[in-house]
Amino acid sequence: MQIKILVLLVAFSWNALAWGPIGHRTVGLIADANLSPAAKAGIAQLLDRQTLADVANWADVVKAGSSYSATKWYHFDSVPDRVTYLQSLAAMTPEQKALGGLVEVILASKDIIKASNRTLSEKSDAIKFITHFIGDLHQPLHTGRPQDRGGNDIPVVWFGSKMNLHSVWDSGIILSGHKDIIKPSMSLQQASIAYAQYLVKAYTMSRFVYQSSDTETWMNESINLRAQAYDQLYNKDQNRYLALNSPQVDSRILMAGLRLADTVNQIFAGLPIPPKETLFKQQIEKIVGSLTKLINLRP
């Protein structure tokens, strides 16, 4: 894939810079810049001319309301140490399995968008969710340990600010690591565009090799990064922790954007699901049953 650099700039007032909003919107911007003509047309129809960047944070907004409250369980897959995702899924209680999870909703959303018997409204929600959840899957602590809720229960004073380890990875590393390009006076759009341009330029200059891969691989990549995320350098030497992990966060956000573009391009090209992804879905459904019945994206 030839990675394209974003050049647009849109002003909009926003007072809280936060895989938080900046990370997710950046994923959407990178994906938007790498869509095929067919995908752009399809997205415009489903989203009423909004872009993937415009809807990238929608899933975080609606989970707080009563209509979409069930979707709050879709934002993560807690996986204990020393087990695989499928082993973790198989060990869950029936009640836990019934809640659904991050990988499952990505796979289900693909099916909904491709299905001929789904409404435009259902497909619109599915593309909004898949935009957000592919971003979530690339954040290692969205696959974090269940005992600390993916770092949410680990308090950290991050360069003087009280946070938890999960929020350090959602936003703290981005803001602390890129003070030169993300300024407090910037709007969400301005900050996201500046960050997206930085990522594309930095990795193009470093001869970054892009690999599309599949949902199971994305999950395993995030699980493998957890040891680095949980390293207690976050308390002992935050400068070193930042130096080690800022490139990892940058890479994951760029990869999420490019993989989102690939996913959407394949959907609107009418391409069949790759055999490895089909097998992964079948393995999941042997454990939890039909994803069509399990995952409900509508109020």
Yes/no for Lys72 being at pLDDT below 95 and either closer than 30 Å to Ala191 by Cα or aliphatic (A, V, I, L, M) (or both): yes
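From the residues in region 214-271 that are among the small types (Gly, Ala, Ser) and closer than 25 Å to Tyr198 by Cα, which one is surrounded by the most Cβ atoms within 10 Å (Cβ to Cβ)?
Let us first name the residues in region 214-271 that are among the small types (Gly, Ala, Ser), namely 222, 227, 229, 243, 246, 251, 256-257, 261, 269-270.
Then keep just the ones that are closer than 25 Å to Tyr198 by Cα; that gives 222, 229, 243, 246, 251, 256-257, 261.
Details: Ser222: 24, Ala229: 24, Ala243: 12, Ser246: 15, Ser251: 18, Ala256: 27, Gly257: 32, Ala261: 26.
By that ranking, first place goes to Gly257.
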Complete set of residues in region 150-173 that are out of contact with any His (no Cβ under 6 Å at 6 or more places or on another chain), small (Gly, Ala, Ser) and in a loop (DSSP other than H, G, I, E, B): Gly160
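Every residue, every condition in (1) crowded, with 24+ Cβ neighbours inside 10 Å; (2) at pLDDT below 95, yes or no:
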{"position": "Gln139", "(1), (2)": "yes, no"}
{"position": "Val168", "(1), (2)": "yes, no"}
{"position": "Gln189", "(1), (2)": "no, yes"}
{"position": "Ile193", "(1), (2)": "no, no"}
Residue list for region 174-193, filter: more than 19 Å from the chain's Cα centre (by Cα), closer than 16 Å to His24 by Cα and part of a helix (DSSP H, G or I): Gln190
Subset of region 38-57 (residues that are closer than 17 Å to Ile113 by Cα and in a helix (DSSP H, G or I)): Ala38, Ala39, Lys40, Ala41, Gly42, Ile43, Ala44, Gln45, Leu46, Leu52, Val55
Complete set of residues in region 72-113 that are in a loop (DSSP other than H, G, I, E, B) and either touching a Leu at 6+ places or on another chain (Cβ under 6 Å) or under 17 Å from Leu291 (Cβ atoms) (or both): Phe76, Asp77, Met92, Gly100, Gly101
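Filtering region 244-299 down to residues that are closer than 22 Å to Pro94 by Cβ and among the hydroxyl-bearing types (Ser, Thr, Tyr), which residue is modelled with the lowest pLDDT? Quick ask: steps written out before the conclusion?
At the first step, the residues of region 244-299 found to be closer than 22 Å to Pro94 by Cβ are 280-297.
Next, from what is left, pick out any that are among the hydroxyl-bearing types (Ser, Thr, Tyr): 290, 292.
Values: Ser290: 95, Thr292: 89.
Among them, the one singled out is Thr292.
Here is a yes/no grid of residues against (1) among the small types (Gly, Ala, Ser); (2) closer than 22 Å to Leu297 by Cβ; (3) at pLDDT 95 or above:
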site: Val27; (1), (2), (3): no, yes, yes
site: Ala38; (1), (2), (3): yes, no, yes
site: Gln87; (1), (2), (3): no, no, yes
site: Ala91; (1), (2), (3): yes, no, yes
site: Glu104; (1), (2), (3): no, yes, yes
Those residues of region 59-94 which are surrounded by fewer than 17 Cβ atoms within 10 Å (Cβ to Cβ) and among the polar types (S, T, N, Q), in sequence order: Ser66, Ser67, Ser69, Thr84, Gln87, Thr93
When residues of region 115-143 are limited to those that are among the small types (Gly, Ala, Ser) and in a helix (DSSP H, G or I), the one nearest to Gly20 (Cα to Cα): Gly135
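The values are calculated or read from the model by the stated rules, or taken from the named source; none is laboratory data. Everything quoted here is computed from the prediction, not taken from an experiment. Virtual Cβ from ideal backbone geometry, glycine too; neighbours counted across all protein chains shown.
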